[in-house]
Number of protein chains: 2
Amino acid sequence: MQHDFPLTLHHVLDRMRTLNADAEVVTLRTAEGTRTRATFAEVAARVDLLAGALQVRGIGEGDRVGTFAWNSQEHIELYLAIPCIGSVLHTLNIRLFPEQLAYVANHARDRVIFVDDSLVPILEKVAPLLETVELFVVIGDGPTGALEPVVRYDDLLAEATPVQAYPQIDERAAAALCYTSGTTGNPKGVLYSHRSTLLHSMAAGLADTFGVNRSDRILPIVPQFHANAWGLIYAAGLFGASLIQPGRFLQAEPLVALIESEKVTFAAAVPTIWMDILNHLDAHPDADVSSIRLAPCGGAAVPPALMKALEERHGVEILHAWGMTETSPLGVVARPPADAVGDARWSAKSSQGRPVPLVELRIVDEEGVVQPWDGVAAGEMQVRGPWIASGYYLNDESADRFDQGWLRTGDVASVDPQGYVRISDRSKDIIKSGGEWVSSVELENELMAHDAVREAAVIAIPDERYTERPLACVVLHEGRAATVNELRDHLVGRVAKWWIPESFAFVAEVPKTSVGKFDKKVLRQQLTDGELSVQRYDTAAQQVSL
Amino acid sequence: MQHDFPLTLHHVLDRMRTLNADAEVVTLRTAEGTRTRATFAEVAARVDLLAGALQVRGIGEGDRVGTFAWNSQEHIELYLAIPCIGSVLHTLNIRLFPEQLAYVANHARDRVIFVDDSLVPILEKVAPLLETVELFVVIGDGPTGALEPVVRYDDLLAEATPVQAYPQIDERAAAALCYTSGTTGNPKGVLYSHRSTLLHSMAAGLADTFGVNRSDRILPIVPQFHANAWGLIYAAGLFGASLIQPGRFLQAEPLVALIESEKVTFAAAVPTIWMDILNHLDAHPDADVSSIRLAPCGGAAVPPALMKALEERHGVEILHAWGMTETSPLGVVARPPADAVGDARWSAKSSQGRPVPLVELRIVDEEGVVQPWDGVAAGEMQVRGPWIASGYYLNDESADRFDQGWLRTGDVASVDPQGYVRISDRSKDIIKSGGEWVSSVELENELMAHDAVREAAVIAIPDERYTERPLACVVLHEGRAATVNELRDHLVGRVAKWWIPESFAFVAEVPKTSVGKFDKKVLRQQLTDGELSVQRYDTAAQQVSL
């Protein structure tokens, strides 16, 4: 029989210390481009100090330790030290509303919170509400504000002696905790185990997913407080890829400068960021981002027009992927078949993708019947696997999100015979017109393919005859104009004729959730409250005039 | 918490049935090139039938089922059906000596043996010695000989009803069993669990190892009775790579024809086979093997000259890898750094490689002290990990092969700071001259780099002054000649001066073990028995004459 080798994050730390000692962590520190560098061997030695410092303060197995920080070398050290002493890394989302932030820190019972000095002003406002925090540790030398008791990260390490021995940990013990901020109710915690995290890291190295490897230089633009930065920190440690940490500088200009100067091969971000980068590249034809071999993009559906523009104009290949905090997050990845060209390739790349190895997927209709993979039948996408949540942390109210081990994603999708998943909607955003589904996501993508359109969000508007019809809420690019007629003409031939909206609302911006996704709940409320200025195209009149 | 998703081979079968339904299995059936084809979906349906047929015959959890077969579609079906009903796939090595074969089948207590019709003549001789076999199943329509009771594979499937439901299996349950045929004592069984096998399959898909992916067309020249064909069958099922099965046609001509016509991208074999393929390609300049993206080679150290010749003359990139039956077998893989060129690249490629993710490695000297990774210090290589054996199947005599979870490989190696392992010898083949180790492997490689040398095996010869000195046993290419002086001159500058052997024996062939490795035990015996004709170069006289 095989060695009873526990699948724990000690293995990642061990490889950083030995095999991958030469890989490096680069952190952007100032807007002027100042950065710090450390080898994995140096980082591992600091992890030992940090682990020692935490243990001396009585932090141990099962204790939750919060981080409130941008992507940095220190945040990597926290990613390793906390789980490796048996504690639970709780990445706090810095964009939560104050009451949500207090709720999650209290719900998790965080004993310590590590915070970037630049984020102290946000955290200190919430600090009085925190019930379990015994210590704040400030990263950087900026003011520590009203935080109390407080110690500086550098002092903590300077005074520490390295951990003598890491505890043996069961592979199913908790390693990390991340709360999802839904648009309703309190955030819900997803607990990752050592096993789930290590297996998920393995998946990131597969040739058919991200193919993370030793020659990669990874820029995780996705923050470490979002689903473990898509697993890239641990994958880099495991495979020996270098990490380029952007800190708080998530604007296109510093990101592109970082890509150029650090020869980044792999950069991962949500569509909004890629949109900004595209605009920047279009405006700066001298920028050279040719070092990028792959640019994973997820968190929201990627408009195909964005993908094509980045690839055709700047040689940046976007890899569309789908996941959620609940899925660690790697769920499906849109690698096209190697021999696909032209439209076939773009069709595959525009899908959400195929289930990653060790992830099982099914679609289930409203009656609970599992649907075939014929590219037509639609239903709720459900997934399960070793890194897919089957429950929330200390939360019994959300049992309906799970069905016998399957996570109900809330996404409505079809799957084609090759296993490419296409999400047509969030189930709660579904538009049912005359008994048939209209895909808001597809309408949005096609509208955003129009030159003048910056953003488009489609919601249901009540309709006497069809019960519901789509309403397109459109944000135009600055200085650009488009009429309802033009947008409708643009959609002809791109979507089913009966999907084309009659109702449009030109808005200044689409409301976003705290994690930057379209918040259609707010749009629907604005519609109900009469706050949207809806323009209707009169189909009957038009038909007559034609 | 995550779903308690068991890491079992059901997942592989499930992906073959659904996501990877379109991949195919091609089997070469005749010397004339006739082949059969089936999609993974068709193979999965036949697996269901085979599983049903076995269950009906009372074969179930924990039962051992033997296979005595070349690589074929049927052997793939057996690889899946047997473990998925909870039984244990026992791949019998067709090259074992009859008494070894009977020993392993009896030791494993095989209840059924599946056998290729072409191999019936071998098995029927052993059949009377088999104590537990209740049924023989013959694959193909050739004579079933004296095997009794016997049924044909096709009839078994024709009469079967598909399995209703596969049993739930604990991930640590046994999936497969493979015996290692050492050069001494009885073969020892290595039991693979579902967990170890699935994790091992994941490793084969990593960009830094084999990078097996959906666009691959894999030719496993390595037989399925050797360490699960290096895990390629399950990896192909998991990732959706097609499998091109060569049957019993392992000569260079049919293999090259298969590579050409099936556009093979990935072919894995031991060095001897690659040597044959090289000779064939050299003799047939029109052969086109450009579809190959990677050619893993292991089972024995690969002579660098062979690697260079295949790459420089025929564009076939050999990937050197090291493993054993005890390591499933993926242990270390010699991917050079992406930016290495010239000598640096060949140096990395000629090493055994770096430990695969989830494999831990150390080197330990004769006093039990763990040695540094400085490229100089040598010691026994020891490994552990989720697919590394920590004991043999029902065997207490070999406990000394394991040390607190570490497998003692019996290989002497050094590790450089980048983690590249270089094996200098089998510990039992060590030559200690004047208190210092001489690497027989390095001497062999350098000798085989000489144009006239086909094979070289170096063993110790007693020496009055130095205790031991190396003796080079050399096989020349047909029609080629080389003198002791020429070979010694050839070694100057390639190895340490004091390593250069004074003693040479020109032999017709190097004795091989049943699995094709140099059998130095036999050579040593021949030396002891005075059967080797040793030519000595008189260094003293030569020194005078210079």
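What about B:Ala45, is it within 14 Å of chain A (Cβ to nearest Cβ) and under 30 Å from A:Pro386 (Cβ atoms)? It is false that B:Ala45 is within 14 Å of chain A (Cβ to nearest Cβ) and under 30 Å from A:Pro386 (Cβ atoms).
Rundown of residues vs (1) outside any helix (DSSP H, G or I); (2) open to solvent by less than 10 Å² (accessible area, probe 1.4 Å); (3) at pLDDT below 95, yes/no style:
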site	(1), (2), (3)
B:Gln224	yes, yes, no
B:Phe249	yes, no, no
B:Ala257	no, no, no
B:Met275	no, no, yes
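Looking at the stretch B:259-273 only, could you name the residues that are within 16 Å of the chain's Cα centre (by Cα) and part of a helix (DSSP H, G or I)? Within the stretch B:259-273, B:Pro271, B:Thr272, B:Ile273 meet the criteria. Can you find a residue in the stretch A:54-72 that is more than 25 Å from A:Ala236 (Cβ to Cβ) and within 14 Å of another protein chain (Cβ to nearest Cβ)? Checking the stretch A:54-72: at least one residue is more than 25 Å from A:Ala236 (Cβ to Cβ) and within 14 Å of another protein chain (Cβ to nearest Cβ).
Contact annotation: residue pairs with Cβ atoms under 7 Å, 6 or more positions apart or on different chains, pairing a residue in the stretch A:334-359 that is closer than 19 Å to A:Glu312 by Cα with a partner that is among the acidic types (Asp, Glu), are A:Arg335/A:Asp208. Would you pick out the residues in the stretch A:482-495 that are open to solvent by 40 Å² or more (accessible area, probe 1.4 Å) and more than 11 Å from A:His450 (Cα to Cα)? Across the stretch A:482-495, the qualifying residues are A:Thr483, A:Asn485, A:Val492, A:Gly493, A:Arg494. Per this entry, B:Arg293 is counted among residues that are touching a strand residue (DSSP E or B) at 6+ places or on another chain (Cβ under 7 Å), surrounded by fewer than 21 Cβ atoms within 10 Å (Cβ to Cβ) and not aromatic (Phe, Trp, Tyr). When the stretch A:325-351 is filtered for residues that are open to solvent by 10 Å² or more (accessible area, probe 1.4 Å), closer than 18 Å to A:Ala300 by Cβ and away from chain B (no Cβ under 13 Å), only A:Ser350 remains. In the stretch B:356-384, of all residues being open to solvent by less than 10 Å² (accessible area, probe 1.4 Å) and in a strand (DSSP E or B), the one that is nearest to the other protein chains (Cβ to nearest Cβ) corresponds to B:Val383. For the stretch B:149-204, filtered to residues that are more than 28 Å from the chain's Cα centre (by Cα) and free of Cβ contacts under 8 Å to residues at least 24 places away in the same chain, the residue that is farthest from B:Val333 (Cα to Cα) is B:Pro149. Can we say B:Pro162 is open to solvent by 10 Å² or more (accessible area, probe 1.4 Å), more than 12 Å from chain A (Cβ to nearest Cβ), within 30 Å of B:Gly142 (Cα to Cα) and in a loop (DSSP other than H, G, I, E, B)? Taking the combined requirement at face value, the residue satisfies it. Reported count of residues in the stretch B:107-137, each being surrounded by 18 or more Cβ atoms within 10 Å (Cβ to Cβ), part of a helix (DSSP H, G or I) and in contact with a strand residue (DSSP E or B) (Cβ under 7 Å, 6 or more places away or on another chain), is 5. Among the residues of the stretch A:496-516, those that are under 20 Å from A:Asp451 (Cβ atoms) and among the small types (Gly, Ala, Ser) comprise A:Ala505, A:Ala508.
Residues in the stretch A:59-78 that are open to solvent by less than 10 Å² (accessible area, probe 1.4 Å), in contact with a Lys or Arg (Cβ under 9 Å, 6 or more places away or on another chain) and in a helix (DSSP H, G or I): A:Glu77 only. For the stretch A:381-396, filtering for residues that are farther than 18 Å from A:Val333 by Cα and touching a Gly at 6+ places or on another chain (Cβ under 8 Å) leaves 5.
Only residues that are buried (at least 22 other Cβ atoms within 10 Å of the Cβ), over 13 Å from B:Phe266 (Cβ atoms) and touching a residue at least 40 places away in the same chain (Cβ under 8 Å) were counted in the stretch B:302-324, giving 5.
Listed here are the residues, each with its yes/no results for (1) under 21 Å from B:Val412 (Cβ atoms); (2) modelled with pLDDT of 95 or more; (3) in contact with a helix residue (DSSP H, G or I) (Cβ under 9 Å, 6 or more places away or on another chain).
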site	(1), (2), (3)
B:Asp282	no, yes, yes
B:Val302	yes, no, yes
B:Gly315	no, yes, no
B:Ala321	yes, yes, yes
B:Pro336	no, yes, yes
B:Arg345	no, yes, no
B:Ala348	yes, yes, no
B:Val356	yes, yes, yes
B:Glu360	yes, yes, yes
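Screening B:Glu312 with (1) more than 13 Å from every other protein chain (Cβ to nearest Cβ); (2) not in a helix (DSSP H, G or I) gives one miss only, at (2).
Look through B:Val112, B:Val65, B:Val133, B:Val104 and report the one residue that is within 18 Å of B:Thr325 (Cβ to Cβ), in the same structural domain as B:Tyr153 (by TED's automatic domain parsing) and in contact (Cβ under 8 Å) with a residue 24 or more places away in the chain.
Just a single option satisfies the conditions, and that option is B:Val104.
Screening the stretch B:411-529 for strands (runs of 3 or more DSSP E) wholly inside it with 2 or more residues that are modelled with pLDDT of 90 or more returns the ranges B:421-426, B:453-463, B:467-476, B:503-506. Would you mind finding the one in B:Ala300, B:Ala338, B:Ala287, B:Ala295 that is within 26 Å of B:Thr197 (Cβ to Cβ) and in a loop (DSSP other than H, G, I, E, B)? Checking each option against the conditions leaves just B:Ala300.
Conditions (1) open to solvent by 10 Å² or more (accessible area, probe 1.4 Å); (2) under 18 Å from A:Pro162 (Cβ atoms); (3) modelled with pLDDT under 95, marked per residue:
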residue: A:His3; (1), (2), (3): yes, no, yes
residue: A:Thr18; (1), (2), (3): yes, yes, no
residue: A:Arg37; (1), (2), (3): yes, no, no
residue: A:Arg57; (1), (2), (3): yes, yes, no
residue: A:Leu80; (1), (2), (3): no, yes, no
residue: A:Pro98; (1), (2), (3): yes, no, yes
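Considering (1) within 14 Å of chain B (Cβ to nearest Cβ); (2) open to solvent by 10 Å² or more (accessible area, probe 1.4 Å); (3) touching a Ser or Thr at 6+ places or on another chain (Cβ under 7 Å), the lone condition that A:His200 does not fulfil carries the number (2). Selection of the stretch B:1-56 for residues being touching a strand residue (DSSP E or B) at 6+ places or on another chain (Cβ under 8 Å), in a helix (DSSP H, G or I) and closer than 19 Å to B:Thr197 by Cα yields B:His11, B:Asp14. Within the stretch B:391-410, being within 22 Å of the chain's Cα centre (by Cα), assigned to a loop (DSSP other than H, G, I, E, B) and among the small types (Gly, Ala, Ser) holds for B:Gly391, B:Ser398. Considering every residue within the stretch A:168-190, establish whether at least one is assigned to a helix (DSSP H, G or I) and open to solvent by less than 40 Å² (accessible area, probe 1.4 Å). No: zero hits. What are the residues in the stretch A:410-434 that are within 14 Å of another protein chain (Cβ to nearest Cβ), open to solvent by less than 20 Å² (accessible area, probe 1.4 Å) and at negative phi, if any? Once the filter is applied, which keeps residues that are within 14 Å of another protein chain (Cβ to nearest Cβ), open to solvent by less than 20 Å² (accessible area, probe 1.4 Å) and at negative phi, the stretch A:410-434 yields A:Val415, A:Tyr420, A:Val421.
The values are calculated or read from the model by the stated rules, or taken from the named source; none is laboratory data. Everything numeric here is computed off the predicted structure, so don't read it as measured data. Note that we place each Cβ from the backbone using ideal geometry, even for glycine, and neighbour counts take in every protein chain shown. Ligands, DNA and RNA are excluded from the accessible area calculation, which covers all protein heavy atoms including side chains. Shrake-Rupley method; radii C 1.70, N 1.55, O 1.52, S 1.80 Å.
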